[in-house]
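Asks: Next up is a structure, given as structure tokens.
A short reminder: the numbers here are calculations on the coordinates, not readings from a lab. Everything numeric in this text was worked out from a predicted model, so none of it was measured. With ideal geometry, Cβ positions are generated from the backbone for all residues, glycine too; neighbour counts draw on all protein chains shown.
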Amino acid sequence: MKPVIISPSMLSADFANLQRDITTLNNSTAQWLHLDIMDGNFVPNISFGFPVISAMRKHTKKTLDVHLMIEQPERYISDFKQSGADILTVHYEACTHLHRTIQQIKSAGMKAGLSLNPHTPVQLIEAIAADLDLLLIMSVNPGFGGQSFIENTYHKIKKVKEILLKTNSQALIEVDGGVTDKNARQLIDAGADVLVAGSFIFRSENIEQAILQLQNASH
């Protein structure tokens, strides 16, 4: 089994000590950093914008995994590239012209991801699956950290895996929301390639150890 990618969710970091937390993550075995961008419209919360992403980019060489929970994400694609995003994920529910948006992300030189809210049927991705680099399954309702994990997620991952195989898609399956050492193994067994974890990592006594615990679930 290939090692799972861990993408700590920066929304749970200590923003008063952001550089310290990034340094800790740089010294850890986490491969990516997950950045949630919220506009207060698509989800009922607002998070950080371009200056914070640019600041993070200066302090890490890790992959910046940027998840847009915003309406009309196509307006800002080049701005996210300039800020330092490596992967740009948009929501199925927020894109009127999804295929065009995915192509614009790739043309800008980033990997393109697509995210599904918990209630969105996975069958809807079939037409776009082959164009994706990443498929992000929300295992909580987007907008806030610290929510309880939705149990139907395991079934959803398996369904997505079937669609990716059927369409010869190389997309990685990422899961975000309520991920801990208690469900990591089950998520990986279902087909997850990337685990996003916020509260579990940043509220632990030892951040590096918490990341290792999640990675060891794939052994």
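Asks: Restricting the stretch 75-110 to residues that are of a type in the set (Lys, Arg) and over 23 Å from residue 124 (Cα atoms), which is surrounded by the fewest Cβ atoms within 10 Å (Cβ to Cβ)?
Replies: 75
Yes or no, residue by residue, for (1) part of a loop (DSSP other than H, G, I, E, B); (2) crowded, with 17+ Cβ neighbours inside 10 Å; (3) among the aromatic types (Phe, Trp, Tyr):
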{"residue": "147", "(1), (2), (3)": "yes, no, no"}
{"residue": "186", "(1), (2), (3)": "no, no, no"}
{"residue": "200", "(1), (2), (3)": "no, yes, yes"}
{"residue": "204", "(1), (2), (3)": "yes, no, no"}
{"residue": "219", "(1), (2), (3)": "yes, no, no"}
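Asks: Restricting to the stretch 10-43, what's the tally of residues that are of a type in the set (S, T, N, Q) and more than 17 Å from residue 59 (Cβ to Cβ)?
Replies: Residues meeting the conditions: 3.
Asks: Can I ask one more? Could you list all residues from the stretch 1-32 that are of a type in the set (Ser, Thr, Tyr), touching a Leu at 6+ places or on another chain (Cβ under 7 Å) and part of a loop (DSSP other than H, G, I, E, B)?
Replies: 29
Asks: I'd like the full set of residues that are touching a residue at least 12 places away in the same chain (Cβ under 8 Å) and either polar (S, T, N, Q) or more than 14 Å from residue 169 (Cβ to Cβ) (or both), limited to the stretch 107-122.
Replies: Correct list: 108, 109, 110, 115, 116, 117, 118, 120.
Asks: Ok, one more. Could you list, in sequence order, the residues of the stretch 108-129 that are touching a Leu at 6+ places or on another chain (Cβ under 9 Å) and either part of a helix (DSSP H, G or I) or not small (Gly, Ala, Ser) (or both)?
Replies: Passing the criteria: 110, 111, 114, 116, 122, 124, 125, 128, 129.
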